[in-house]
Amino acid sequence: YESNCPSECTNKWTHNITVFGDYLHMNKIGKQMWSSQHRENQYLYDFNRVDFFNFNFQHITFMNKTINKGDRINTHCIY
């Protein structure tokens, strides 16, 4: 499954957002998950990625990333 926060949504923000942590969660049925950032239809990077999801080993990934107005964020889930 893939879901996204489109650039039309983030374009309405009054300012850019600094992300200091990310938490990926898929209950007990997920296998793999990642969130990616795109700017002007160009892939920038994955915010966070779990290639082997384990419900008993979930954690917050600390980071220092900026989401600009107009960026698109995609979340990918494999079950």
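Data table
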| quantity | calculated |
| --- | --- |
| Number of the condition not met by residue 43 [criteria: (1) open to solvent by 30 Å² or more (accessible area, probe 1.4 Å); (2) touching a His at 6+ places or on another chain (Cβ under 9 Å); (3) modelled with pLDDT of 95 or more] | (2) |
| Near pairs, Cβ below 7 angstrom, 6+ apart or cross-chain, from segment 23-34 (closer than 9 Å to residue 53 by Cα) to any residue that is assigned to a loop (DSSP other than H, G, I, E, B) and acidic (Asp, Glu) | 32/51 |
| Selection count, segment 7-30, where residues are open to solvent by less than 80 Å² (accessible area, probe 1.4 Å), under 20 Å from residue 79 (Cβ atoms) and among the hydrophobic types (A, V, I, L, M, F, W, C) | 2 |
| Selection from segment 1-12 of residues that are in a loop (DSSP other than H, G, I, E, B) and modelled with pLDDT under 95 | 1 |
| Residue count for segment 26-48, restricted to those that are touching a strand residue (DSSP E or B) at 6+ places or on another chain (Cβ under 9 Å) and within 17 Å of residue 5 (Cα to Cα) | 14 |
| Among (1) open to solvent by less than 70 Å² (accessible area, probe 1.4 Å); (2) in contact with an Asp or Glu (Cβ under 7 Å, 6 or more places away or on another chain) - the single one residue 33 does not satisfy | (2) |
| Which listed residue, of 4, 54, is in contact (Cβ under 8 Å) with a residue 40 or more places away in the chain and open to solvent by 60 Å² or more (accessible area, probe 1.4 Å) | 4 |
| Hits in segment 15-26 (condition: closer than 14 Å to residue 66 by Cα and not in a strand (DSSP E or B)) | 15, 16 |
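The values are calculated or read from the model by the stated rules, or taken from the named source; none is laboratory data. Because the structure is predicted, anything quoted here is derived from the model rather than measured. So basically every Cβ, Gly included, is an ideal-geometry build from the backbone, and we count neighbours across all protein chains shown. With ligands, DNA and RNA removed, areas are computed over all heavy atoms of the protein, side chains included. Shrake-Rupley method; radii C 1.70, N 1.55, O 1.52, S 1.80 Å.
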